[in-house]
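Everything below concerns the one structure shown next.
What follows is calculated from the coordinates using simple rules that are stated; it is not laboratory data. All figures in this text were calculated on a predicted structure; none of them were measured in a lab. Here the Cβ positions follow ideal geometry from the backbone for every residue, glycine too, while neighbour counts run over all protein chains shown.
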Amino acid sequence: MSHRGTSHPDHSQTDHRQTDPRHTDQSVGSLVGEISRDVSTLMRQEVALAKAEVADSAKRAGKGVGMFGGAGVAGHMVLVFLSLALWWALGTLVGGGWSALLVAAVWAVIAGVLALRGRAELRAVEGLPRTTESVRKIPDALHGHDGLHGADGSHGTEAVHGREKNS
C-alpha cells in the first residue's frame with residue numbers, strides 16, 4: 001500500500017531526544033558526571049580551606065604554648081627566689097644549714113602531694129571506652145551481625161552501651 005499524496009511527517013527529521021531512552025540516559029549520565037565534578041571541586045576547596053585554617057590555628061596554638069612555657073620558667077624562678085628568701089629568713093632564726101633542710105622538706109612535701117594526686121588522676125582515666133566498644137563491633141557488622149544484641153538476644157540501648165538488663 002502506497003501512501004502517496006498523504007502527508008506524513010518525515011520521521012528522519014523528528015527530534016528523537018524526546019522518544020529515544022538512550023539519549024535520556026546520556027543526559028542523566030552527563031548530569032551525574034557534572035554533579036560529581038562539582039562535588040569533587042567543592043570537596044577540594046573545602047579541604048584546602050580546612051588546611052589553611054588548621055595551619056593558622058596551629059601557628060596560634062604554638063605561640064600560646066610557647067608563652068605558657070615562658071610563664072612556667074618565670075614561675076619557677078619566682079619559686080627559687082622565694083625559697084632562697086625563706087632559707088635566708090629562717091637562717092637568722094635556726095642557722096643556715098637547718099633552714100635549708102626546712103625549705104627542702106617543705107618542697108618535698110609539696111612534690112609528694114602533687115605526685116600522689118597526679119597518679120590518682122592518671123589511674124582514673126578510662127581511655128575511650130565507648131569508642132573501644134564500637135570498634136569491637138566492626139568485625140561483627142562486616143560479617144552481617146549488627147553487634148547490637150545483648151546476651152539474651154534483646155535489642156536496645158542496653159546492648160549498645162554495654163549495660164545488660166537486670167531482670
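Here are the numbers:
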{"quantity": "Ranked packing of 122-130, 103-111, most packed first, by mean Cβ within 10 Å", "calculated": "103-111, 122-130"}
{"quantity": "Calculated from backbone phi, Karplus (6.51, -1.76, 1.60) coupling profile of the stretch 114-121 in Hz, x at Gly/Pro", "calculated": "5, 5, 5, 5, x, 5, 5, 5"}
